[in-house]
Amino acid sequence: MIVNLITIAVVTGFQQEVRQKVSGFGSHIYIMGGAEYSIYESAPIRAQQKQMDYLKTIPELSSVSPVAYKPVLFQSAAKEISYKTPSGKDTSEIDQGVLGATLKGIDSSYDLSFYKNYLKKGKLPDFSKENSNDILISQYLADKLHYKTGDEVDAFFVRNMPVKRKFMISGIYETGMEEFDSKIVLANLAYVQELNDWGIRATLNVEDSLYEGMMVIRAEISGGNGNYRCDWGEGFEGYTGIPFCPHGDTTIRVVATDFFGNINVPLKETTLPDTSYLKISAPKVLHTCTPELDENGEIKKEYLDEKGLKYTVRFGDQKVLFESIPGKGSSDQYVGGFEVNVKDWDQLDLITEELKDELEFIPNEHNEVLRVISIKESQNEIFVWLSFLDLNVLIILILMILIGIINMGSALLVLILVKTNQIGLLKGMGATNWSIRKIFLYQAGFLIGRGMIWGNAIGLLLCLIQIKFNVISLNPAVYYLSSVPVNLNVWHWLLLNIGTLIVCMAALILPSIVITRISPSRAIKFD
């Protein structure tokens, strides 16, 4: 009973804890682009989809949340290392390296209860703030990078051009699953969408150089597939810049997007566009269209704000004011995928199949084909390993019950042998074989019951000690957990006890047949 109770409690606890942590880092079901196979490096899909609105009405689902991923390189804090040179001289140097991780972009609709349970320091970031640069990192990454809560960390990303961003560490979590702790960093979804170069972002500016003596208004475009086209008011064309001579107050507008092989392809089949404006305040009559240049031959600009969006340019003795109004970008219209969680884990396979029938290989309103993948597929190695534990439990239970049956069978035979004379007397007095067998079976049941009580008491005590004090620890790099988990389930406990009692009692019926072979005359004579 001790072995069986602890085996079931530890194995089910291990399965439940690992499953909960793996699901906490991701979700039960993930929906992404149909041609993708990696959750962490998938192409974007539209954030607004009728199918996702439909999923939110399914009662078996607990949540549907948009997410996006982006690989990142974090720069560690500078750390001074002291050491002795071969000549014995004390010296020191600054150690500062980089460490790779993955930003997971989420918004305010994401359920952070999993990370709240494992929060060690600081607080959870508030992702309801659109421009929040707060992040949540693991204790593993914090130790490797030599950072603590409240510190600013430099992060480097590979886009069309490498970029650097600064993030503020809001909180530190620790789950004990080193494989995931060393990789997942929570960040604002809007940041990750922008860093992935999803959508189009456009800004109108005055180019530094001249074109045939005239200034050029240039659309600075990022995102998309890199093949850009602009609508300056008369339809799309391939020019991203136009020569311009300001006369009077005016506003220039440009709609920028990309194209796939054909510049005249319908707009709905390209990346969502972005619109940018350039407000110009100029005299109605400009004496010259050639602006003043600096010593490097570039247009001389006098900036009026820190962002460089508002500036003046001299045209002889006249000034022209330019104010750039960048587009908001369309990156927020794309996500890496949707995380879907179910209320009942036992229904995961059934719901996954239903969602596959509903969504897979059926183009949506944006002509996108989606793919539905359950966590058992995305983390197949972990869940196959966990399923093997069920076989181990079954083998241990069978072996322990066989040992119990053999021990009780031997004990019953010894009891019958010792009480052979009494069996003969009872038979001589007219007792039937079955009535005598029941006496011994009741006695054996009493012994089994007493053993089960002690077994339950000791087994439960050991389990409670492990739950309270985590006496037995594990290597997280191997077992994904820092200590042996224990799950005490009332139904498992009842089934184990009832099953053990029934199997052992049924197995003792066979040894009790020996009583039927005892002759009263020989039994009394034997005494």
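The values are calculated or read from the model by the stated rules, or taken from the named source; none is laboratory data. Values in this document were obtained by computation on a predicted structure and should not be read as measured data. Backbone-built Cβ (ideal geometry, glycine too); neighbour counts: all protein chains shown.
Values for this structure:
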| item | result |
| --- | --- |
| Lone unmet requirement of (1) aliphatic (A, V, I, L, M); (2) at pLDDT below 85; (3) touching a Gly at 6+ places or on another chain (Cβ under 8 Å) for ALA256 | (2) |
| Residue satisfying all of: in segment 68-86; at pLDDT 70 or above and small (Gly, Ala, Ser); farthest from LEU195 (Cα to Cα) among these | ALA78 |
| Test: THR271 is part of a loop (DSSP other than H, G, I, E, B), within 22 Å of HIS366 (Cβ to Cβ), polar (S, T, N, Q) and touching a residue at least 24 places away in the same chain (Cβ under 8 Å) | yes |
| Verdict on ILE396 being among the hydrophobic types (A, V, I, L, M, F, W, C), farther than 30 Å from GLY26 by Cα and either within 47 Å of the chain's Cα centre (by Cα) or surrounded by 15 or more Cβ atoms within 10 Å (Cβ to Cβ) (or both) | yes |
| One residue from ASP357, ASP346 being over 24 Å from the mean Cα position of the chain (by Cα) and more than 30 Å from LEU286 (Cα to Cα) | ASP357 |
| Pairs, first over 19 Å from TRP198 (Cβ atoms) and free of Cβ contacts under 8 Å to residues at least 24 places away in the same chain in segment 216-239, second of a type in the set (Asp, Glu) and assigned to a loop (DSSP other than H, G, I, E, B), C-beta under 9 Å, six or more apart | ARG218/GLU207 |
| Selected residue [part of a helix (DSSP H, G or I), under 27 Å from ILE8 (Cβ atoms) and in contact with a Gly (Cβ under 9 Å, 6 or more places away or on another chain)] from GLY455, GLY451 | GLY451 |
| Number of the exception - LEU272 against (1) more than 23 Å from ASP332 (Cβ to Cβ); (2) touching a helix residue (DSSP H, G or I) at 6+ places or on another chain (Cβ under 8 Å) | (1) |
| Conditions (1) surrounded by fewer than 17 Cβ atoms within 10 Å (Cβ to Cβ); (2) of a type in the set (S, T, N, Q); (3) not assigned by TED's automatic domain parsing to the domain that holds ASP258; number of the one not met by ASN341 | (1) |
| Given (1) closer than 30 Å to GLU179 by Cα; (2) surrounded by 14 or more Cβ atoms within 10 Å (Cβ to Cβ); (3) not aromatic (Phe, Trp, Tyr), number of the condition LEU501 does not satisfy | (1) |
| Selection status of LEU204, under 17 Å from the mean Cα position of the chain (by Cα) and either free of Cβ contacts under 8 Å to residues at least 24 places away in the same chain or not in a loop (DSSP other than H, G, I, E, B) (or both) | no |
| Odd one out for THR102 among (1) in contact with a helix residue (DSSP H, G or I) (Cβ under 7 Å, 6 or more places away or on another chain); (2) among the β-branched types (Val, Ile, Thr); (3) within 24 Å of TRP198 (Cβ to Cβ); (4) surrounded by 20 or more Cβ atoms within 10 Å (Cβ to Cβ) | (4) |
| Filter result (surrounded by 11 or more Cβ atoms within 10 Å (Cβ to Cβ) and either free of Cβ contacts under 8 Å to residues at least 12 places away in the same chain or polar (S, T, N, Q) (or both)) within segment 480-498 | SER482, SER483, ASN487, ASN489, LEU495, ASN497 |
| Extreme residue, surrounded by the most Cβ atoms within 10 Å (Cβ to Cβ), among residues of segment 162-178 that are among the hydroxyl-bearing types (Ser, Thr, Tyr) and assigned to a strand (DSSP E or B) | TYR173 |
| Answer residue from segment 372-394, given it is aliphatic (A, V, I, L, M) and free of Cβ contacts under 8 Å to residues at least 24 places away in the same chain and is nearest to GLN48 (Cα to Cα) among those | VAL384 |
| Test for GLY213: is it more than 30 Å from GLN48 (Cβ to Cβ) and either surrounded by 17 or more Cβ atoms within 10 Å (Cβ to Cβ) or at pLDDT below 85 (or both) | yes |
| Segment 123-176: number of residues that are of a type in the set (Lys, Arg) and farther than 30 Å from ILE221 by Cα | 3 |
| Contacts under 9 angstrom Cβ, first residue in segment 54-65 being assigned by TED's automatic domain parsing to the domain that holds ASN364 and closer than 16 Å to ASP107 by Cβ, partner among the basic types (Lys, Arg) and exposed (fewer than 12 other Cβ atoms within 10 Å of the Cβ), 6 or more apart | SER63/LYS56; VAL64/LYS56 |
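Conditions tested, residue by residue: (1) within 30 Å of LEU474 (Cβ to Cβ); (2) of a type in the set (Asp, Glu); (3) in the same structural domain as ASN188 (by TED's automatic domain parsing); (4) modelled with pLDDT of 85 or more.
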{"residue": "LEU5", "(1), (2), (3), (4)": "yes, no, no, yes"}
{"residue": "PHE14", "(1), (2), (3), (4)": "yes, no, no, yes"}
{"residue": "SER42", "(1), (2), (3), (4)": "no, no, yes, no"}
{"residue": "LYS50", "(1), (2), (3), (4)": "no, no, yes, yes"}
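Each row is one residue, and each column tells you yes or no for (1) within 25 Å of ILE2 (Cα to Cα); (2) surrounded by 15 or more Cβ atoms within 10 Å (Cβ to Cβ).
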position: LEU426; (1), (2): no, yes
position: LYS438; (1), (2): no, no
position: ASN456; (1), (2): yes, yes
position: LEU462; (1), (2): yes, yes
position: ILE465; (1), (2): yes, no
position: SER473; (1), (2): yes, no
